[in-house]
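Contents: one structure, followed by commentary.
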Amino acid sequence: MRRLDWISLFIAALLLTGCDNRVNVAIAPTPVKIVAEKTGLGRSVRHGNLATISYRVTLPNGKELLHDSEFKFLVDTKQPTVILGINDTVIGMRVGGTRTIDCPPRLHWGRLGSGDGKIPANTNLIIRIKLLAVE
């Protein structure tokens, strides 16, 4: 094939796959790494659902930072009280299911850490989540 034909094919492939320079954060894949998972039963969590979870947040060395036995939030509404890594991770979970994730700093308190010094700056968090209910 001629060079012009290859360029035309490349451009057509980009157009067909929807490749452009815009980034849609709402549908971008999550950068959290799921390190363990147990599948639950029943309905799966979707955008806009009210999810009830229990969670435990630790440093990679195992030191516990935060926990809650029954936390409710609207999924994917970017509530300031919800760690973005948790919000991204519950989508697709089923009731009774668990996930353990390695959450990068940009999806929690980032390079500043928490104001009270409880969560250090620029550190990954290990978050264990269990889905208790979905509405």
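The values are calculated or read from the model by the stated rules, or taken from the named source; none is laboratory data. A quick note: this is a predicted structure, and the numbers were derived from the prediction, not measured. Here Cβ is always computed from backbone atoms with ideal geometry, including for glycine, and neighbour counts include all displayed protein chains.
Within region 96-119, is there a residue that is under 18 Å from S44 (Cα atoms), of a type in the set (S, T, Y) and surrounded by fewer than 15 Cβ atoms within 10 Å (Cβ to Cβ)? No: region 96-119 contains no residue that is under 18 Å from S44 (Cα atoms), of a type in the set (S, T, Y) and surrounded by fewer than 15 Cβ atoms within 10 Å (Cβ to Cβ). Has region 51-60 got at least one residue that is within 18 Å of D102 (Cα to Cα), part of a loop (DSSP other than H, G, I, E, B) and modelled with pLDDT of 50 or more? Checked against the condition, which is being within 18 Å of D102 (Cα to Cα), part of a loop (DSSP other than H, G, I, E, B) and modelled with pLDDT of 50 or more, region 51-60 yields at least one hit.
Pairing each residue of region 102-120 that is within 17 Å of Y55 (Cα to Cα) with any residue that is exposed (fewer than 11 other Cβ atoms within 10 Å of the Cβ) and modelled with pLDDT of 80 or more, provided the two are 6+ apart or on different chains, yields C-beta distances under 9 Å for D102/P60. Of the listed requirements (1) surrounded by 12 or more Cβ atoms within 10 Å (Cβ to Cβ); (2) in a loop (DSSP other than H, G, I, E, B), N87 misses just one: (2). Here region 110-127 is the region considered, the condition is being β-branched (V, I, T) and outside any strand (DSSP E or B), and the residue that is nearest to the chain's Cα centre (by Cα) is T123.
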